[in-house]
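Student: Here's a structure for you.
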C-alpha cells in the first residue's frame, strides 16, 4: 500500500510554508491564500486553511532509505525540535524492523522520519530533502479504532499490519510501504505526552491497481 496524497488543516499557512519549504526543503507545487501543496517523494502533502481557533494537530511519518537514520538525525538537528524518547533521539522498533526520529513542525504536529529494513531501499548518497521517499504513515483518531479500521478495510481491501499491534485503543492497517495508524482519542502520541485528538483528514492510498480516497471528520 502506498500513500499518494495527505490533506490536513493548518491554522497558519505562511508558518507552515516556511517550515516545510525552508526547514525540510519540500518543493511547493501550489500556493494560494487557502491551500499549500508540497511534493514529498512520490506523495503530495496538502494543507488547507482553517480558522485559528481549531488549531489542528496531527501525527504522520515520512519514509527514508534504510541505513540513513543516523544521517537523517544529524540533518534534522539544526532544523527542527527533536523529540526524545526514553531510549534517546533514535527509536529502534525491533518488532517492526524499523528505526525512527520524531520531531515537531512549527504548528505542533508530531512528525517522524522512519526507515524500514524489510524494504531494502538503501542509498549511498548523503542525506538531503531529496532522500525523503514518500509519506509512510498517517495517524487517524477516533472513539472506536476498530470501527474505523473495519470501514477502511471494507472500502480499500487493506488488512491489519502483519507486525501488529491490534489493540482496543491502537491498531495499524497496511504494509511497510504505507501504514494507517489508528488511535483512540486521548491516547498519547509517542514519544510525547500529547493526547491524540480527532481532526479532519483526507488521504488517497493505492493498493495494487486500486486507488481509494478516504475522509475522516470528528
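Please treat every number below as a calculation from the coordinates, not as lab data. Keep in mind the model is a prediction, meaning the values are calculated, not measured. Cβ placement follows ideal geometry from the backbone for every residue including glycine, while neighbour counts extend to all protein chains displayed.
Student: Can you pull out every residue in the range 6-42 that is touching a residue at least 60 places away in the same chain (Cβ under 8 Å) and part of a loop (DSSP other than H, G, I, E, B)?
Tutor: Result: 11, 12, 24, 25, 26, 41, 42.
Student: Another question, then. Can you tell me which condition residue 127 does not meet? The list is (1) farther than 30 Å from residue 217 by Cα; (2) out of contact with any helix residue (DSSP H, G or I) (no Cβ under 7 Å at 6 or more places or on another chain), and all the others hold.
Tutor: Every condition holds for residue 127 apart from (2).
Student: If you don't mind, there's one more thing I want to ask. Inside the range 68-88, can you point out the residues that are surrounded by 17 or more Cβ atoms within 10 Å (Cβ to Cβ), in contact with a helix residue (DSSP H, G or I) (Cβ under 8 Å, 6 or more places away or on another chain) and within 22 Å of residue 193 (Cα to Cα)?
Tutor: Answer for the range 68-88, where residues must be surrounded by 17 or more Cβ atoms within 10 Å (Cβ to Cβ), in contact with a helix residue (DSSP H, G or I) (Cβ under 8 Å, 6 or more places away or on another chain) and within 22 Å of residue 193 (Cα to Cα): just 80.
Student: While we're looking at this one, here's another question. Scan the range 106-121 and give yes if some residue there is more than 16 Å from residue 8 (Cβ to Cβ) and without any contact (Cβ under 8 Å) to a residue 40 or more places away in the chain, otherwise no. Steps first, answer last, please.
Tutor: Residues of the range 106-121 that are more than 16 Å from residue 8 (Cβ to Cβ), as a first pass: 113-121.
Next, only the ones that are without any contact (Cβ under 8 Å) to a residue 40 or more places away in the chain stay: none.
No.
Student: Select from the range 25-39 the residues that are under 22 Å from residue 177 (Cβ atoms) and surrounded by 21 or more Cβ atoms within 10 Å (Cβ to Cβ) and list them in ascending order.
Tutor: Passing the criteria: 26, 38.
Student: Could you please tell me which pairs satisfy a Cβ distance under 8 Å, a separation of 6+ or placement on different chains, a first residue in the range 92-104 that is touching a residue at least 12 places away in the same chain (Cβ under 8 Å) and at positive phi, and a second residue that is surrounded by 20 or more Cβ atoms within 10 Å (Cβ to Cβ) and in a strand (DSSP E or B)?
Tutor: 97/116
Student: I would also like to ask the following. Which of (1) assigned to a helix (DSSP H, G or I); (2) surrounded by 19 or more Cβ atoms within 10 Å (Cβ to Cβ); (3) touching a residue at least 40 places away in the same chain (Cβ under 8 Å) is the odd one out, the single condition residue 3 does not satisfy?
Tutor: Among (1) assigned to a helix (DSSP H, G or I); (2) surrounded by 19 or more Cβ atoms within 10 Å (Cβ to Cβ); (3) touching a residue at least 40 places away in the same chain (Cβ under 8 Å), residue 3 violates only (1).
Student: In the range 156-169, which residue that is touching a residue at least 24 places away in the same chain (Cβ under 8 Å) and not in a helix (DSSP H, G or I) is surrounded by the most Cβ atoms within 10 Å (Cβ to Cβ)? Step through it out loud before you land on a result.
Tutor: So in the range 156-169, the residues touching a residue at least 24 places away in the same chain (Cβ under 8 Å) come out as 156-158, 163-164, 169.
Filter again for not in a helix (DSSP H, G or I), leaving 157-158, 163-164, 169.
On the way: 157: 12, 158: 21, 163: 16, 164: 12, 169: 14.
Among those that are touching a residue at least 24 places away in the same chain (Cβ under 8 Å) and not in a helix (DSSP H, G or I), it is 158.
Student: Ok, one more. Return yes when residue 205 is within 26 Å of residue 108 (Cα to Cα), surrounded by 14 or more Cβ atoms within 10 Å (Cβ to Cβ), in contact with a helix residue (DSSP H, G or I) (Cβ under 8 Å, 6 or more places away or on another chain) and in contact (Cβ under 8 Å) with a residue 40 or more places away in the chain and no when it is not.
Tutor: So residue 205 passes the test.
Student: Looking at the range 176-197, which of its residues are under 18 Å from residue 150 (Cβ atoms) and crowded, with 16+ Cβ neighbours inside 10 Å?
Tutor: 179, 180, 181, 182, 183, 184, listed by residue number.
Student: If a residue must be without any contact (Cβ under 8 Å) to a residue 24 or more places away in the chain and under 14 Å from residue 148 (Cβ atoms), how many such residues does the range 208-217 contain?
Tutor: So the count comes out to 2.
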